[in-house]
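Notes to accompany the following structure.
The values are calculated or read from the model by the stated rules, or taken from the named source; none is laboratory data. It should be emphasised that the depicted structure is a prediction, and the values quoted were computed from it without experimental measurement. Neighbour counts are summed over all protein chains in view; Cβ atoms, including those assigned to glycine, are modelled from backbone coordinates with ideal geometry. Accessible surface is based on the protein model in full, side chains and every heavy atom, while ligands, DNA and RNA are left aside. Shrake-Rupley method; radii C 1.70, N 1.55, O 1.52, S 1.80 Å.
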Amino acid sequence: MRGFRFSDYKPGDTPKGGFDELLKLFSELLNYTAGDAAEALSWLNELDKQYKLTNNDYGIGNFIDDLKDKGYLTEDNKSGEFKITAKTEQTIRKSALDEIFGKLKKSGRGNHNSNQSGIGEEKNADRREYSFGDSLDQIDMTASIQNAQINHGIGDFTLTDRDLEVEEKDFKTLTSTVLMIDISHSMILYGEDRITPAKKVAMALAELIKTKYPKDTLDIVVFGNDAWPITVKDLPYLQVGPYHTNTFAGLELAADLLRRRKTHNKQIFMITDGKPTCLKENGKYYKNSMGLDRKVINKTLNMAAQCKRLKIPITTFMIAKDPYLQQFVRQFTEINGGRAFYSSLNGLGEYIFEDYIKNRRKTVK
C-alpha cells in the first residue's frame, strides 16, 4: 500500500546553529541596530550564550567567517570594523517581505488590474462579438470555431464575422506611491519601538514593488523638523532623531515628488504616531510640543486639501490611539478624501500591503 508514514516530531532532531538559521536572526537584529553590524553580532553573541543557538561544530566565529566569504559582510583591515553589504541589505528587504506578505490571508495573484476593460494586457472572463477594429490577438479561436460549428453545422464548415468571439482584456495600471515615515522622537518614546516596524514595512513594500510591479514607482520620505527623501538602501540605517513632527513639510515634499511622475495613479501612505507640532517659516522653526496648535494644524489641513486637488489620496496609518489624535486624523482624512487606519505595530504591514494591492486594482481618477 502506497502512502505516507508519519512519525513523532522531536525538536532535538532539528539541527541548530546552522548558517541559514543564524542569518535570519542576524538580519532581524540589523533592523534594531540600524544596520550596525558590530552591534548586531554582539547581540547575537549574547543570545547564543543565553539560548545556546550554536553547537560544538559551528560557532559564532564560523558564522562571521561565512558571512565574509559569502559576501554578506566586509571587514576593514586596519580598523577591524564590520559593515554589511548590498547583498545583506537585499536579504533584509526580502526577509521583511516574506514576513509581512506571508501573513496575508488574501489569495489571488494581485494582478495589478484596473477596473477598465477593452484592448488591454491581461485577459479576463468577459466575452463579446467581434467588431470592426478589434485586433486578431483578441479573437478566441477555439470559442469562435465552436460558434461556427453550432451556427452552420459540421458538414459545411463556414466561419463568419458573426461567429468570432473576442476576449476582453484588463488594462494594467501603473502607480506611483510615496511612503512617508515619521522619524520624530516620539517614535521611540514610552518604551515602544515604532520606527523598526515602519522600516520593515518600507523595505518589504520596496521589495514587493521591485519584484512584482517593477513598472511602479516608490519614493520614501522621512519627516521630523524637516522632510527629505531617502533611498531604499538607506532604510536599514534609518534612526529616529531628536525631532518634532513637521507633517506639512513631509506632505509638501511628497506631493512635489508625485507631480514629477507621469502616471495617473498617485498616492501617499503616511506612517505616523503623533500630531503635527512643527512648521518651518522663513528659515525658522515654529514649534509647539503640546500639539494641535491651530497654526500648525490649519496649514497641515490646507496641504491635505491641496493634495486632493492634485488627485493624490492620502492613506494615514496612525499607530497611536489617543482620542484627540484620532479626531485630528478623521478631520485630515475627510478634507483629503483619503482613508485612515488605526493600526497596531503588529498589523501595520498587513494593512499597508492589502491597501496597496487593492489600490492597484482600480484607477484613481
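In segment 54-111, the residue that is modelled with the lowest pLDDT out of those that are among the aromatic types (Phe, Trp, Tyr) and within 28 Å of the chain's Cα centre (by Cα) is Phe101.
Candidates Ala254, Ala204: the one that is touching a residue at least 60 places away in the same chain (Cβ under 8 Å), buried (at least 23 other Cβ atoms within 10 Å of the Cβ), assigned to a helix (DSSP H, G or I) and touching a Lys or Arg at 6+ places or on another chain (Cβ under 9 Å) is Ala204. For segment 298-328, the set of residues classified as under 29 Å from the mean Cα position of the chain (by Cα), in a helix (DSSP H, G or I) and at pLDDT 95 or above consists of Lys299, Thr300, Leu301, Asn302, Met303, Ala304, Ala305, Gln306, Cys307, Lys308, Arg309, listed by residue number.
Inspection of segment 274-291 identifies at least one residue that is among the aliphatic types (A, V, I, L, M) and free of Cβ contacts under 8 Å to residues at least 40 places away in the same chain.
So, in segment 149-166, exactly how many residues are buried (at least 18 other Cβ atoms within 10 Å of the Cβ) and either of a type in the set (Phe, Trp, Tyr) or not in a loop (DSSP other than H, G, I, E, B) (or both)? Let's see the steps before the verdict.
First, the residues of segment 149-166 that are buried (at least 18 other Cβ atoms within 10 Å of the Cβ): 163-166.
Subset that is either of a type in the set (Phe, Trp, Tyr) or not in a loop (DSSP other than H, G, I, E, B) (or both): 165-166.
Number satisfying all stated conditions: 2.
The set of residues in segment 77-103 being open to solvent by less than 40 Å² (accessible area, probe 1.4 Å), more than 15 Å from Lys210 (Cα to Cα) and in a helix (DSSP H, G or I) consists of Thr88, Ile100. A single member of Tyr243, Tyr237 is in contact (Cβ under 8 Å) with a residue 60 or more places away in the chain, at negative phi and in contact with a Ser or Thr (Cβ under 6 Å, 6 or more places away or on another chain), and it is Tyr243. For segment 309-330, filtered to residues that are in contact (Cβ under 8 Å) with a residue 24 or more places away in the chain and closer than 20 Å to Lys262 by Cβ, the residue that is surrounded by the most Cβ atoms within 10 Å (Cβ to Cβ) is Ile312.
Which residue is most open to solvent (accessible area, probe 1.4 Å), if the candidates are limited to segment 331-365 and must be within 18 Å of Pro276 (Cβ to Cβ) and at pLDDT 85 or above?
Narrowing segment 331-365 to residues within 18 Å of Pro276 (Cβ to Cβ): 331-336, 338, 340, 342.
Now narrow it down to the ones that are at pLDDT 85 or above: 331-336, 338, 340.
On the way: Gln331: 90, Phe332: 5, Thr333: 21, Glu334: 146, Ile335: 58, Asn336: 6, Gly338: 19, Ala340: 33 Å².
Checked segment 331-365; the qualifying residue most open to solvent (accessible area, probe 1.4 Å) is Glu334.
For segment 18-43, a residue qualifies if it is open to solvent by 60 Å² or more (accessible area, probe 1.4 Å) and closer than 16 Å to Leu97 by Cα, and exactly one does: Lys24. Against the test of being surrounded by fewer than 24 Cβ atoms within 10 Å (Cβ to Cβ), at pLDDT 95 or above and more than 27 Å from Asn288 (Cβ to Cβ), the options Asp170, Asp226, Asp219 yield a single qualifying residue, Asp219.
Against the criterion of being touching a helix residue (DSSP H, G or I) at 6+ places or on another chain (Cβ under 8 Å) and among the charged types (D, E, K, R), Asp163 qualifies.
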